[in-house]
Structure formats: C-alpha cells, structure tokens
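Novice: I am attaching a structure below and will ask some questions about it afterwards.
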Amino acid sequence: MNLRLLGIGCLLLLGSALSSCGDLRGLTSSGRRGPPARPGTRQLPGLGLGVHDHIESVDFAVAGDNALHLVWRVRFGDEGGVYAKRQIWYRRGDLKNQLWSSPHLLLSSPPGPLGTTGEPRILSLGGDLHVIVSDSLRHFFSSDEGATWEEESPLLPQHFGLAQSIDVASDSASLIVAYVARRSRAESDLSEPPKSVWVTRWTEGEKTSTAWVQSIGEKTPWSPLKLRLGEEGMHLFCTANELERFTKTTARVTGWLFHSSSRDKAKTWTIPDSSGYDHGIFEFDAAITGNERSVFQAGHPRLSRLQGLYCARWQGGAWSSSYGVAKAKDAPFCSFSQVTSINAATHGDKGELVWIDTRYQHTEQALLNPLAWLPWVGDPGWGNNDVLAAPFSEAVRGSAIAETLQPMRLTKDLSYAEFVRARAEKDRVYVMWSGRSKVGKDITSANQPPEIFFTTLP
C-alpha cells in the first residue's frame, strides 16, 4: 500500500514539475505565453501554394524608400531531398502604395537530382538588379526595375563543381559572390579535390575574375558564408564543422570559424584566422560596425549544452568567450529553445538582431499526455515558433545587458516562420519572412499554405 502511494506521489510530483514549466517560462494550457506581437506586419498577396508546399528561403533588395525587390524559392510537396521540384520567383513591391506585382517565374527545375535549384540571392548595383542562384551561380539581370529579366552567363568558373553556401555583396562598381566549391577532378587523378572557399567578382564590360581564399578540406559548411563591407575593405566569414570519430560509438564535432579580409576589391585575401568551438556551428551571422567584429551563433539543441542565441566579439586579436543574448529561462523537463535564421541587420552602429526562436512554442500539458515528454516516445512541442528582434547595440554591450534583453515579437500566437531575412537601410530595418499564419501540432495541421510576411522596424 505504501509503495503504491509512493508511486502515485512520484507521478504527481513529476506532473507538477512538468506543469511548473509554465510558472518559469509562461507555460499555460495554451502554451508558452509570449509578449503581444508588434503591430504592423503585412502578409503579401497570396501565392497560390498548397498546404504541403514550402517557401524555403527569401531574399530582397530595397531601392530607396520606394521599391522592394523580392526573390524566393519554393519546394513543392513534402519531398525534402534533391528529388523535389523547386522554383525561383521574383516580385516587386511598391512600398508607398503597398502594391505588389504579379509573381514572375525566373527558374524552374524538374524533379530529380539533375534538376536541383539552389538558393537565390538578389542585389541592386547601379540601378540594375541581379539575381544569383547557387549550385551553378546562374546570373539573372534586369535593367528596368524587375519588369523584364535576362539570363547572363553563369558566374561559376569552368571545371568547378556545385557552388554551395553562397553570399553576395556589391561595391560601387562590381558584384561579388563568395561560395564553397571543389575544382573538377582531373581524369588522371583518382583523389577528390578538397573543398575551398572562392570569391568571384563580376564587373559589367570587364572580365570576370575569381580568387581562392582557403581550403576547408572535408569539413562541412552548414551555414552560408558572410560577406561584409567595412571601413577598410571587405570581410569574409566562413564556418565549417569537422567530425572526428574515435570509435564506432564515440565522436567529436568541432565547429571552425574562419575570417579573412581584402583591401583590393576582393582580388586578394589575407590568410584566414581561425577559432574552434565544441559541438559545431550550425547557424551564424556576422556584423562589421566600424572596426568592430561580432559573430552570433545558435547553440545546437541536441549536441551542445548551449541553448539559444550567443554572441562573440573580436577583442585583442582573438574572439571573446560566447555569451547569451536574450536568454530564455530554462526549467526541469522543459523542451529547449531552438534558434535558426540569424540576421545581424546593421547600418553603422545601429540596427536590429533578428532571428527565429521556439521559446514561446505551444506545448502539450504533461498531465494530459505525459508520454509526449519522453524523448524516446514523443515530442510535446507544436509546430509554432516566432520571429524575434532585439536592438543590435544592446546585444553587443556584454553579457550583463545582452542576457537580460526582452526581444520584440513580430509574429502572432500559433504562427510559424520558416526563414527570415533582415536588411538595415538608413533609418529603418526591413524584415521579411516565409511561414504560415497558423499551425497546430504540425505546421500543416491548420491547413494554412505558406505565405510571405513583411514589416519594418525603426
């Protein structure tokens, strides 16, 4: 009898501990309560997509305060691998009148490994628009503000494999693309060439040039490279993960952060400095403000003890220790907060840090479904997450301030964001993301198709 009562008491104690997550993190019967969503978010006109389609990435360029030029990639159906059909689309927005053009199809790939369509990037150069698509660095060009498009020659040099992890930037005259790729293997060479970081510079009317920056061997770059313009030139940040296997069941993952710079318009690059991080680097962004460098990365929810968003700064010739930014409260038995899609959108020393976070994710009540909290049985979390923003100037002031930040919430309860992009222009920050207006246990449970959302921050 005593053992039976003890067992019942233990279950009640466990249920109480699980339910207490609500006291520590705002967990109620409706989930982790967050602050009210900031007003002003607009949903773009419908794209005609199905519930099981996905908008995997978005990018945009701002022309003054009048026009916004948007590109995005759609994956059709639930198939998430290289066999899925993908398309690249373009759309122009009139910001003053809040009007959007009809979507324009730039590129479509048939299902199958040979039809893979990479991530699109867009930028404005001298009043013209350029869209670069990874894999073969296909180059689309518009001289009439997106009304018509032409395809130029691909920017990927001959005898190169697929270009991955790309980023793009421009100076006053040229388009610059950084990427990871292998040279094609020579017929007489059976070994696989190492992965390397390359930078290709395109200038209208001039010969395209490509510079080698560094080799990363067989390390895996999980996050795109970051090209940043500074007061004294251009900076390039690269991350790559290295797996060391000791036995069949034990291994170690080290994330490497590399930084290189160029003062001759991306023609030559310095030897990269490097720093290693335990458990790998899977999401990151970098910012240059004056002579200051900052890097933001996400702790991996399964491989690392670090959870949430972290910042490191370049000090005295080395990176500082990482400290938490807008840290979420943790409680026993609660699921961890996962951070993705980090954007450090800066203009000078001002701007916003924008990211996707699950800290306000709806969770099932432990007493109603206790088995969902066992990692080998189920997952208590629903499909919702949020786009959050915090002042960049506060995030880089040190751990005492950054950890106490209360981020601004840009999304509504039970909505979902798949990918977010933020840009700082003069006196405001533009934020655009793909996602769904409402989700349930899964992102398709509410039968809402993927859409694109847009807002501005002062």
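The values are calculated or read from the model by the stated rules, or taken from the named source; none is laboratory data. All values derive from a computational prediction rather than experimental measurement. Don't worry about glycine lacking a Cβ; one is built from the backbone with ideal geometry, like all the others, and counts go over all protein chains shown.
Novice: Looking at region 430-454, which of its residues are farther than 17 Å from Trp72 by Cα and out of contact with any Lys or Arg (no Cβ under 7 Å at 6 or more places or on another chain)?
Specialist: Ser437, Lys438, Val439, Gly440, Lys441, Asp442, Thr444, Ser445, Asn447, listed by residue number.
Novice: Moving to a separate point now. For Leu129, all conditions in the list (1) over 26 Å from the mean Cα position of the chain (by Cα); (2) part of a strand (DSSP E or B); (3) of a type outside the set (Val, Ile, Thr) hold save one; what is the number of the exception?
Specialist: Every condition holds for Leu129 apart from (1).
Novice: Something else: Which members of region 393-425 meet the condition of being farther than 25 Å from Phe453 by Cα and acidic (Asp, Glu)?
Specialist: Glu394, Glu403
Novice: Collect the residues in region 50-64 that are outside any strand (DSSP E or B) and either closer than 19 Å to Asp128 by Cβ or under 22 Å from the mean Cα position of the chain (by Cα) (or both), keeping them in residue-number order.
Specialist: If the condition is that a residue be outside any strand (DSSP E or B) and either closer than 19 Å to Asp128 by Cβ or under 22 Å from the mean Cα position of the chain (by Cα) (or both), then His52, Asp53, Gly64 are the ones that fit.
Novice: Could you list, in sequence order, all residues of region 51-83 that are among the aromatic types (Phe, Trp, Tyr) and surrounded by fewer than 19 Cβ atoms within 10 Å (Cβ to Cβ)?
Specialist: Correct list: Phe76, Tyr83.
Novice: Among the residues in region 165-186, are any touching a His at 6+ places or on another chain (Cβ under 7 Å) and part of a loop (DSSP other than H, G, I, E, B)?
Specialist: yes
Novice: Let me ask something additional. Scan region 31-46 and give yes if some residue there is in a strand (DSSP E or B) and hydrophobic (A, V, I, L, M, F, W, C), otherwise no.
Specialist: no
Residues checked against (1) under 22 Å from the mean Cα position of the chain (by Cα); (2) surrounded by fewer than 18 Cβ atoms within 10 Å (Cβ to Cβ); (3) at pLDDT 90 or above; (4) of a type in the set (Asp, Glu):
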residue	(1), (2), (3), (4)
Thr270	no, yes, yes, no
Gly276	yes, yes, yes, no
Ile281	yes, no, yes, no
His300	yes, no, no, no
Tyr310	yes, no, yes, no
Gly316	no, yes, no, no
Ala331	no, yes, no, no
Ile356	yes, no, yes, no
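Novice: Determine which member of the set Ser341, Ser294, Ser304, Ser337 is among the small types (Gly, Ala, Ser), modelled with pLDDT under 95 and out of contact with any His (no Cβ under 7 Å at 6 or more places or on another chain).
Specialist: On inspection, the qualifying residue turns out to be Ser337.
Novice: Out of all the residues in region 198-222, which are surrounded by 13 or more Cβ atoms within 10 Å (Cβ to Cβ), modelled with pLDDT under 95 and small (Gly, Ala, Ser)?
Specialist: none
Novice: Counting only residues that are over 18 Å from Trp319 (Cα atoms), give me the strands (runs of 3 or more DSSP E) lying completely in region 216-305 with at least 1 of them.
Specialist: 226-230, 233-245, 251-262
Novice: Filter region 146-164 for residues that are outside any strand (DSSP E or B), under 26 Å from the mean Cα position of the chain (by Cα) and not aliphatic (A, V, I, L, M); which is nearest to Thr210 (Cα to Cα)?
Specialist: Among those that are outside any strand (DSSP E or B), under 26 Å from the mean Cα position of the chain (by Cα) and not aliphatic (A, V, I, L, M), it is Pro154.
Novice: Among the residues of region 132-145, which ones are crowded, with 23+ Cβ neighbours inside 10 Å and outside any strand (DSSP E or B)?
Specialist: Correct list: Ser134, Leu137.
Novice: Next question. Return the total of residues in region 85-126 being assigned to a strand (DSSP E or B), among the basic types (Lys, Arg) and at pLDDT below 95.
Specialist: Residues that pass the stated criteria total 2.
Novice: Working only within region 154-172, note down all residues that are closer than 22 Å to Phe60 by Cβ and of a type in the set (A, V, I, L, M, F, W, C).
Specialist: The answer is Leu155, Ala163, Ile166, Val168, Ala169.
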